[in-house]
Amino acid sequence: MSLFFSAGSATTELSAAEVKAGLFSALQQLGDRKRVLAVPPDFTRMHSQSGVLTEYAWEYFGDRLVDVLPALGTHKPMTDVEIATMFGATPRGLFRVHDWRNDIVTLGEVPGEFMHEVSEGKLDYTWPAQVNKLLRDGGHDLILSIGQVVPHEVVGMANGSKNIFVGTGGVMGIHRSHFLGAVYGMERMMGRADTPVRRVLNYASEHFTGGLPQIVYVQTVVNKNAEGKLVIRGMYIGDDNECFELAAKLSLECNFLMMDREIKKAVVFLDPHEFRSTWLGNKSVYRTRMALADDAELIVLALGVHEFGEDAAIDALIRKYGYCGTPATLAAVKEDPALAGNLSAAAHLIHGSSEGRFTIRYCPGHLTREEIEAAHFEYGDLAEYSAKYDVTKLVDGWNMVDGEEIFFISNPGLGLWAYRGRFLD
């Protein structure tokens with residue numbers, strides 16, 4: 001087990017040349033490889049800089065990079081335009097589509113006793129370690145797992161083995177991991193590298209990946225500098241958990257804002273190219289909930305949102321139940337076999353609810369008032385709220401608008417915000 005490259009700090013800004021040189025130096029240490037599979041995130045993680053790193057990997061390996069499998073999880077396949085935008089000159093013919101319902105193999109099962117232990121007795125089901133069959137059966141001699149480490153609502157800190165077991169995971173594995181995080185409590189996990197979900201993923205990685213090619217993780221930490229430009233603060237490359245842990249530690253410094261006072265009104269902008277569903281757009285809820293005061297208002301400017309779930313079955317369940325809070329969602333799981341069979345949808349309903357503590361006002365570009373209110377959100381007219389809260393004039397953080405103090409977030413996917421008094425130890 002090795003750490004092949006490690007560089008970064010809260011003030012570091014790695015240049016493109018430094019990133020490329022760091023990646024190349026790590027790849028050189030791996031020796032000769034004949035058939036390489038790259039597993040980067042999809043377009044919903046455009047800001048991770050993983051597209052550039054994948055393009056660099058293609059430059060290094062040439063025709064030895066034979067497959068690129070974006071870690072879609074439950075997301076929709078990338079379009080040609082998205083692939084070209086994110087991955088530059090990387091040949092279009094290398095890209096494969098992950099089908100989380102059909103293209104899956106199960107490497108092993110995490111026992112129910114372990115699940116019972118890590119969930120503090122809340123769950124006792126087994127967890128199948130599922131991956132896309134290309135990882136096991138593709139004849140590769142290296143899997144290059146590329147991605148950004150950032151606070152995350154399901155696993156605590158994104159990436160590491162999550163990119164493999166959720167990003168290329170299957171129906172049961174995704175459903176049960178998401179539900180574990182929701183039942184355990186996402187506010188107990190967000191911003192933490194050691195969580196029940198992470199322990200399950202690490203168990204699977206340690207026990208069931210022996211039949212896979214060597215997996216090497218390329219982990220970035222990204223945030224904005226003083227000029228508002230996205231920069232790579234750190235990059236860590238290795239074939240075990242050390243590079244993830246190093247990136248997670250730096251991410252907490254860069255991506256987690258611990259606040260000395262609560263937010264009474266927050267305005268979150270969802271880039272329409274990145275956020276087109278509440279499944280993704282509810283990062284506006286997840287990432288701010290620990291910073292919001294009781295009776296606060298969260299205003300979500302959701303220009304591109306036109307659906308609830310990216311998967312048709314999940315979209316239908318979200319429309320049926322809405323974001324109705326934990327007790328109602330858990331009751332529905334017991335009563336409705338369709339929801340019980342789609343536990344990631346149930347987890348998402350819990351994650352996206354304010355539990356009645358604050359108001360969530362969605363201002364969608366392509367959903368009606370009736371659709372928004374049926375999902376238990378408050379509705380806001382996008383034109384009206386966009387005129388009042390002009391994102392071209394707001395800065396990230398505190399702003400005064402018409403004599404009222406608001407907190408603005410230009411991209412909820414880049415961080416986590418929490419009030420010091422609300423953050424759970």
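The values are calculated or read from the model by the stated rules, or taken from the named source; none is laboratory data. Here the structure is a predicted model, which is why all the values come from computation and not from measurement. As a convention, Cβ positions derive from the backbone with ideal geometry for all residues, glycine included, and neighbour counts pool all protein chains shown. Accessible surface areas use protein heavy atoms only, side chains included; no ligands, DNA or RNA. Shrake-Rupley method; radii C 1.70, N 1.55, O 1.52, S 1.80 Å.
For the pair residue 59 and residue 10 in one chain, pulling the backbone fully straight at 0.36 nm per residue adds 14.8 nm over the alpha carbon distance. Protein-only accessible surface at a 1.4 angstrom probe places the residues 264, 133 in the order 264, 133, largest first.
Give the percent of DSSP beta bridges with both residues in the stretch 287-425 that are antiparallel, rounded to the nearest 5.
Percentage antiparallel, nearest 5: 40.
Put a plus charge on the Cβ of each Lys and Arg, a minus charge on the Cβ of each Asp and Glu, and nothing anywhere else: the dipole of the chain about its Cα centre is then about 380 debye. Here the accessible area is traced with a 1.4 Å probe on the protein chains. For the stretch 1-61, carbon and sulfur cover 53 percent of it. Dipole of the stretch 334-408 computed with +1 at Lys/Arg Cβ and -1 at Asp/Glu Cβ about the Cα centre; of 342, 394, 368, farthest Cα towards the positive end is 342. Backbone amide hydrogens, once placed in the peptide plane, bring residue 234 within less than 5 Å of 221, excluding anything fewer than 5 places away on its chain. Let a ≥ b ≥ c be the square roots of the eigenvalues of the Cα gyration tensor of the stretch 1-99; is it rounded (a/c under 1.5), or, if not, prolate (a/b larger than b/c) or oblate? Cα axes put the stretch 1-99 in the oblate bin. Each residue, residue 398 and residue 313, gets one label point 7 Å from its Cα in the Cβ direction; the gap between the two is 4.8 nm.
Over 25 Å apart at the Cα level, from the set 20/249; 76/133; 122/265; 34/76; 76/283, are 122/265; 34/76.
Hey, what's the stretch 317-425 come to in accessible area per residue, 1.4 Å probe, Å²?
Here the residues of the stretch 317-425 average 46 Å² of exposed surface.
Placing pseudo-labels 7 Å out from each Cα toward the beta carbon at residue 225 and residue 258 gives an inter-label distance of 2.7 nm. Heavy-atom surface analysis with a 1.4 Å probe gives the stretch 133-191 a carbon and sulfur content of 49 percent of its accessible area. Averaged over its residues, the stretch 146-257 has an accessible area of 29 Å² per residue, based on protein heavy atoms and a 1.4 Å probe. When 249, 122 are compared by accessible area of protein heavy atoms, the largest-first order is 249, 122, using a 1.4 Å probe. Sorting 336, 63 on solvent-accessible area from highest to lowest, probe radius 1.4 Å, gives 63, 336. Summing charges over all other residues whose Cβ lies under 10 Å from the Cβ of residue 42, with Lys and Arg as +1 and Asp and Glu as -1, gives +1.
Using the Cα gyration tensor of the stretch 284-386, with a ≥ b ≥ c the square roots of its eigenvalues, what is the shape: rounded (a/c below 1.5), prolate (a/b larger than b/c) or oblate (neither)? Oblate is the answer for the stretch 284-386, as a/c is 1.5 or above yet b/c matches or exceeds a/b.
Our helix-only sum for the chain, with -39,500 (n - 2.57) per DSSP H run of n ≥ 4 divided by its residues, gives a mean residue ellipticity at 222 nm of -9500 deg cm²/dmol. Label separation (residue 368 vs residue 387): 2.4 nm, computed from points 7 Å beyond Cα along the C-beta direction.
Beta-bridge orientation, the stretch 125-220: approximately 25 percent antiparallel, per DSSP, counting only bridges with both partners inside. The length gained by stretching the chain between residue 359 and residue 97 to full extension, at 0.36 nm per residue less their Cα-Cα distance, is 90.6 nm.
For a test of the definition: using alpha carbon positions, the gyration tensor, and the 1.5 limit on a/c, classify the stretch 269-344 as rounded, prolate or oblate. Oblate.
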